[in-house]
Amino acid sequence: MNKLDELCVNTIRMLSVDSIEKAKSGHPGMPMGSASMAYVLWTLFLRHNPGNPDWPDRDRFVLSAGHGSMLLYSLLHLSGYDLSLDDLKNFRQWESRTPGHPEFKHTPGVETTTGPLGQGFANGVGMAIAERFLAARFNRQGHEIINHYVYGIVSDGDLMEGVSHESASLAGHLGLGNLIYLYDDNHISIEGSTDLAFSENRLDRFRAYGWHVKEVEDGNDLAAIEKAIIESQQETDRPSLIAVRTHLGYGSPNKQDRASAHGEPLGAEEIDLTRKNLKWPSDQPFFIPDEARDYFMRAILKGKELEAKWQDSFNAYKHAFPEEAEEYSRLLKGELPDGWDSDIPVFPADTKGVATRGASGTILNAIAAHVSNLLGGSADLAPSNKTEIKGQEFFQSGVNDGRNLHFGVREHGMGSIMNGMSLHGGVIPYGGTFLVFSDYMRPAIRMAALMGLKIIYIFTHDSIGLGEDGPTHQPVEHLAALRSIPNLTVIRPCDANETAEAWKTALRFQDGPVALALTRQNVPVLDRTIFSPVAGLSKGAYILKESPDKKPDVILIGTGSEVHIAIDACQRLEEKGIGVQVVSMPSWELFDTQPDAYKKQVFPPEVHVRIAVEAGVSQGWHRYVGERGGTVCLDRFGASAPYNVLYEKFGITAAKIVERAFALLGSK
């Protein structure tokens, strides 16, 4: 390491240390230990443009070890991104552009929100899939407009988390040679040595997954790190893991290789000792040597030149392939083509009906015929979830233009990989499993909602209506659990046509993920000459059937398959002279965004007897039924039996609704 390299590496270290010390909060150990390998990657390999962080063909960098966020912020600032020194000084403060963990859309140059360990690892796999798919779809001989790497720094904690196992296994199977991870192998966790709980041969594990694995024995050997990255780039048919033996808190005389360096500031006295140990040329915090700044800032000109060269290539591509170029540009903007929904069927009224999962599969294929970047699959449940795009290949090693994905039995990995696909841009990911297994995906769903990603979840077998498989597979608390996640839109359609409208809503939605909850069992297709138009679904709740005099005594609110039970109860109550308004409420989240006037139209304030009907827990429904309303729900686990028996035994029936309505009317 020459003097300039040493100065630059130590600049990263000290900026991180000073920012954390000023905040009195943060994780200095990781940036100090990983600074050398990050320096090599960012100055010699990473193709990026600080002046345009969204340049489409840039390499992606994922800091999966998000607790080391100051490493990334230091690199962004030094490389010329729109992140000032004052931003670094404001680390972890209110409305800061440098939050405790990197946040997508919050800080220029941050490609994904990381912090929950393992998530970034899996995100990178999704980014690599998206790159390979788009490259296979649009590149032409002599016109390669999509060709970039996904790099990342991953930690011991990332490799411990199960989601990294799932995604690493799939990445190896798919042969994602555009994926290169640097493993910060520092042997320290919060509780002490990683040997306390992490003793397997990690590198052999990755070799077994089908990864190309390299080792660098000295985390400050810049030439060895450079050589390992070059060799990994040459490995085009396997993802690469470069294990770099680093030292947590490198340079700190009393905290290097100690767990205390992980999650707490070094302290003023230890910082002074570290400066002396590293031969740092200033005792002032936030000092950046001119030579180091000048060297890092070369990224600005280099980035402009890289993008300009790419733009020339794209212009030539556009001249040779104008239709493909127009489509690619549209996909990057997230725009849907004209007429994308023109073949979505209108299902005829049918009392026997169809399962909404079956309708969803038909609708998915109608949309996919027009939306070429709809890409997804299932966690080994495609025949049940109805997620396969017919007539399309499956994405595999060597078949990168396939639009169907075999995620395998890896729900958590699937969710986090889809996040990476969406983050990359240019594709609309979807993924399916049983609703009960959304539990396995919850951390990934939460991250998608936090980042506002466009993703569609297809959750089938949405209630005790799945029947004989019993309580292990029957979701009862899951709708409430999903509804509790901010910025996640849950839609539970009542029939095939509401399912079509739900898909339209999901495709148009730009500000967060959408979860479709779909039935296993058949449900009637409503006659829309009798009931209100299905377009009301887009508002979250709508009056499906008004009371004859438009002055209801009771409002029945249903979702999904239970709407039909509410309709049956309505008929019985009307026969007894009770005025009833039936509301289909497939989405709380969509309804909550409506104007107050519309909300009062659906739920007139003067009507206090409101009953929510749903084959799930009642949690949350009281905000809509009010203090004088009630629920016909299922506040217990299910059981194994035919679904019609379960509904009867658990009292989710028209008779029970009628009984509940009279009880509430009697208490007025």
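The values are calculated or read from the model by the stated rules, or taken from the named source; none is laboratory data. The structure displayed is predicted, hence computed values, not measured ones. Methodologically, a virtual Cβ is constructed for each residue, glycine included, from the backbone with ideal geometry; neighbour enumeration extends over all protein chains shown. All accessible areas refer to the heavy atoms of the entire protein, side chains included, with ligands and DNA or RNA removed. Shrake-Rupley method; radii C 1.70, N 1.55, O 1.52, S 1.80 Å.
Among the residues of region 566-575, are any open to solvent by 60 Å² or more (accessible area, probe 1.4 Å) and within 27 Å of Lys386 (Cα to Cα)? Taking every residue of region 566-575 in turn, none turns out to be open to solvent by 60 Å² or more (accessible area, probe 1.4 Å) and within 27 Å of Lys386 (Cα to Cα).
Of all residues in region 538-552, those satisfying the criterion of being modelled with pLDDT of 95 or more, surrounded by fewer than 20 Cβ atoms within 10 Å (Cβ to Cβ) and not in a strand (DSSP E or B) are Ser538, Lys539, Glu546. Pairing residues of region 498-513 that are over 18 Å from His370 (Cβ atoms) and at pLDDT 95 or above with residues that are in a loop (DSSP other than H, G, I, E, B) and charged (D, E, K, R), at Cβ distances under 7 Å and at least 6 apart in sequence or on separate chains, gives no pairs at all.
The helices (runs of 4 or more DSSP H) found entirely in region 117-186 that carry 3 or more residues being small (Gly, Ala, Ser) are 119-138, 162-174.
For region 43-53, filtered to residues that are in contact with a strand residue (DSSP E or B) (Cβ under 8 Å, 6 or more places away or on another chain) and open to solvent by less than 20 Å² (accessible area, probe 1.4 Å), the residue that is nearest to Asp221 (Cα to Cα) is Leu46.
None of Gly162, Gly142, Gly172, Gly152 is without any contact (Cβ under 8 Å) to a residue 24 or more places away in the chain and either open to solvent by less than 10 Å² (accessible area, probe 1.4 Å) or out of contact with any Ser or Thr (no Cβ under 7 Å at 6 or more places or on another chain) (or both) except Gly142. Among residues that are open to solvent by less than 30 Å² (accessible area, probe 1.4 Å), of a type outside the set (Phe, Trp, Tyr), under 31 Å from the mean Cα position of the chain (by Cα) and within 30 Å of Ala128 (Cα to Cα), Ala299 is included. Residues in region 61-102 that are of a type in the set (Ser, Thr, Tyr), open to solvent by 10 Å² or more (accessible area, probe 1.4 Å) and touching a Pro at 6+ places or on another chain (Cβ under 7 Å): Tyr81 only. Condition first: small (Gly, Ala, Ser), within 21 Å of Gln256 (Cβ to Cβ) and open to solvent by less than 20 Å² (accessible area, probe 1.4 Å). Now tell me which residues in region 201-234 satisfy that. Within region 201-234, Gly219 is the sole residue that qualifies. Would you confirm whether any residue within region 305-313 is among the polar types (S, T, N, Q), within 21 Å of Gly33 (Cβ to Cβ) and open to solvent by 30 Å² or more (accessible area, probe 1.4 Å)? No; the residues of region 305-313 include none that is among the polar types (S, T, N, Q), within 21 Å of Gly33 (Cβ to Cβ) and open to solvent by 30 Å² or more (accessible area, probe 1.4 Å).
Could we say that Thr529 is open to solvent by 30 Å² or more (accessible area, probe 1.4 Å) and among the hydroxyl-bearing types (Ser, Thr, Tyr) here? Against the criterion (open to solvent by 30 Å² or more (accessible area, probe 1.4 Å) and among the hydroxyl-bearing types (Ser, Thr, Tyr)), Thr529 qualifies.
Take the residues of region 116-139 that are open to solvent by 20 Å² or more (accessible area, probe 1.4 Å) and more than 21 Å from Tyr317 (Cα to Cα): which is farthest from the chain's Cα centre (by Cα)? Ranking the candidates gives Leu117 first. If you check Val658, Val607, Val645 for being assigned to a loop (DSSP other than H, G, I, E, B) and either closer than 24 Å to Leu516 by Cα or open to solvent by less than 80 Å² (accessible area, probe 1.4 Å) (or both), only one passes: Val607. For region 1-82, the helices (runs of 4 or more DSSP H) that sit wholly inside it and include 1 or more residues that are free of Cβ contacts under 8 Å to residues at least 60 places away in the same chain and farther than 21 Å from Ile180 by Cα are 3-23, 69-79. Pro595 meets the conditions (1) open to solvent by less than 20 Å² (accessible area, probe 1.4 Å); (2) over 22 Å from Leu479 (Cα atoms) in every case but one. The failed one is (1). Among the residues of region 282-306, those that are assigned to a helix (DSSP H, G or I), of a type outside the set (Gly, Ala, Ser) and under 14 Å from Gly80 (Cβ atoms) comprise Arg293, Asp294, Tyr295, Phe296, Arg298, Ile300, Leu301, Lys302, Lys304, Glu305, Leu306. In region 627-640, the qualifying residues are those that are open to solvent by 20 Å² or more (accessible area, probe 1.4 Å) and out of contact with any strand residue (DSSP E or B) (no Cβ under 9 Å at 6 or more places or on another chain), and the one that is modelled with the lowest pLDDT is Glu627.
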